[in-house]
Amino acid sequence: MVQGKPYYLECKTYNIENIETTQRSFYFSPSDEFKVIYDAPHFILSFEIYVAGESGNKHIYKCKHYKILSIEILSLDAKYEFNSDNKRMYSGKDGTIILGEGEIK
């Protein structure tokens with residue numbers, strides 16, 4: 001909070017090679033414990049990361065550029081998504097009905 005007013009600041013990274021793509025980079029997920037609880041400005045501090053070299057078999061990453069963004073009026077897409085995990089899906093429990101299975105020779 002700044003002078004009693006809430007603000008949100010999020011830190012992100014990006015690769016210049018995919019900055020023009022439609023890859024999802026910001027999302028909101030329903031939760032019992034929301035991180036965003038105030039109607040307040042939301043800022044992003046984002047750094048362009050690049051591979052500056054290698055040390056053994058590991059890359060060395062460095063920052064090349066930054067952007068400070070205000071996103072409280074960012075246009076968004078809404079997508080309803082249902083998901084499950086492999087354990088529930090293939091176990092024959094939790095609502096899945098296995099109609100058939102067997103080895104292929």
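Rule-based calculations on the coordinates, nothing more; no lab input. Everything numeric in this text was worked out from a predicted model, so none of it was measured. Quick reminder, even Gly has a Cβ in these numbers, built from the backbone with ideal geometry, and neighbours come from all protein chains shown.
Points to keep in mind about this one:
- Beta-bridge orientation, the stretch 8-90: approximately 65 percent antiparallel, per DSSP, counting only bridges with both partners inside.
- The string of couplings for the stretch 65-77 from the Karplus curve (6.51, -1.76, 1.60, θ = phi - 60°) is 8, 9, 9, 10, 10, 10, 10, 5, 10, 4, 6, 10, 10 Hz, one whole number per residue in order, with x for Gly and Pro.
- Ordering R88, R24 from the fewest to the most neighbouring beta carbons within 10 Å gives R24, R88.
- Within the stretch 57-82: backbone nitrogen closer than 17 Å to the R24 label point (7 Å, Cα to C-beta): 75-82
- Over the stretch 1-47, relative contact order from alpha-carbon pairs under 8 Å, at least 6 apart, %: 70
- For S75 and K105, a Förster radius of 41 Å and the Cβ-Cβ distance give a FRET efficiency of 0.15, rounded to the nearest 0.05.
- Put in order of Cβ neighbour count within 10 Å, fewest first, the listed residues F47, F82 become F82, F47.
- Estimated distance in nm for a label pair at K87 and K62, the labels positioned 7 Å out from Cα along Cα-to-Cβ: 4.5
- Here Rg and Dmax of the Cα atoms in Å was calculated from the structure, and among (i) 17.8, 66; (ii) 21.4, 71; (iii) 15.9, 48 it sits at label (ii).
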